[in-house]
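Just below is one structure, and these are the notes that go with it.
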């Protein structure tokens, strides 16, 4: 379909062969390129924050004893919620009239702020919603990895006077590298195809400020009804995903050999 000119509703688009014209048009499609950039920024920012928060949460879990059970229960709650529910929760919380988060911002700033009405605010809210939901996934992955680490290097560092932060940065993180890479692969694969949360929370707006690639492809296919162009976008995204998967696989195998 990506090599044809096809649409269910547009006149004259009945499946004529046009070769690589759809792919060529993507190179000059500013909206498509913008969606790719926004998707890359969203994925990088969300996964980086999730990894950072998850690492500190995992360190806290690793240092707890019997009270770990309730903490694990609290961490699992965001993960079992569907992205649509999370999007609705944050949409309600950021409502400038009655949202609790919006009320806190209004109390701190002294004026009403429409977070979702601002291009930067909407994009940041989208990232924070994803971080809230999936930091616990990172925490559980990293905590499981910490359980398998040898105790002798940590005990030696503690005897030498290393602080908790130094042990985390200089010993735990390097030894956790294979686990970190796998966790980043899983989260990046999910974040790069984010749709539900964006659709419910911001709708891609204001304007196209938070319109990621999957949402843009959806609109091209089922709002503009340009099925051929949307198919070309899907093929391009699939090719990029294959390349990224190969790069991550090389990182994992190299990290495994070094470990």
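The values are calculated or read from the model by the stated rules, or taken from the named source; none is laboratory data. All values derive from a computational prediction rather than experimental measurement. With ideal geometry, Cβ positions are generated from the backbone for all residues, glycine too; neighbour counts draw on all protein chains shown.
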Q.
Checking residue 98 against (1) at pLDDT below 90; (2) surrounded by 15 or more Cβ atoms within 10 Å (Cβ to Cβ): exactly one of these is not met. Which one?
A. (2)
Q. If you check every pair at least six apart or on different chains, which have Cβ atoms under 6 Å apart with a residue in segment 237-259 that is at negative phi and in a helix (DSSP H, G or I) first and a residue that is surrounded by 15 or more Cβ atoms within 10 Å (Cβ to Cβ) and at pLDDT 80 or above second?
A. 248/185; 251/181; 252/181; 255/177; 255/178; 255/181; 256/178
Q. Assuming residue 103 fulfils every condition listed in (1) free of Cβ contacts under 8 Å to residues at least 60 places away in the same chain; (2) not in a helix (DSSP H, G or I) apart from one, which condition is it?
A. (2)
**Q.** Extreme residue, surrounded by the fewest Cβ atoms within 10 Å (Cβ to Cβ), among residues of segment 4-19 that are in a strand (DSSP E or B) and within 36 Å of the chain's Cα centre (by Cα)
**A.** 15
(Q) As an exercise: evaluate residue 149 against (1) closer than 18 Å to residue 68 by Cβ; (2) assigned to a helix (DSSP H, G or I) and give the number of the one condition it does not meet. (A) (2)
Q: Test residue 80 against the stated conditions and say whether it is in contact (Cβ under 8 Å) with a residue 12 or more places away in the chain and under 24 Å from residue 57 (Cβ atoms).
A: no
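Give 194, 190 a once-over and let me know the one that is within 24 Å of the chain's Cα centre (by Cα), touching a residue at least 24 places away in the same chain (Cβ under 8 Å), surrounded by 14 or more Cβ atoms within 10 Å (Cβ to Cβ) and not in a helix (DSSP H, G or I). Before you say what the answer is, go through the steps one by one.
Details: 190 fails: not in a helix (DSSP H, G or I).
That would be 194, the only listed residue that is within 24 Å of the chain's Cα centre (by Cα), touching a residue at least 24 places away in the same chain (Cβ under 8 Å), surrounded by 14 or more Cβ atoms within 10 Å (Cβ to Cβ) and not in a helix (DSSP H, G or I).
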Q. Residue check: is residue 184 modelled with pLDDT under 90 and either surrounded by fewer than 16 Cβ atoms within 10 Å (Cβ to Cβ) or under 30 Å from residue 75 (Cβ atoms) (or both)?
A. yes
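Residues are listed down the side, and each one gets a yes or a no for (1) over 24 Å from the mean Cα position of the chain (by Cα); (2) under 30 Å from residue 189 (Cβ atoms); (3) assigned to a helix (DSSP H, G or I):
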site: 131; (1), (2), (3): no, yes, yes
site: 135; (1), (2), (3): no, yes, yes
site: 142; (1), (2), (3): no, yes, yes
site: 154; (1), (2), (3): yes, no, yes
site: 170; (1), (2), (3): yes, yes, yes
Q: Say whether the condition of being farther than 17 Å from residue 133 by Cβ and either in contact with a strand residue (DSSP E or B) (Cβ under 8 Å, 6 or more places away or on another chain) or surrounded by fewer than 13 Cβ atoms within 10 Å (Cβ to Cβ) (or both) is met by at least one residue in segment 70-77.
A: yes
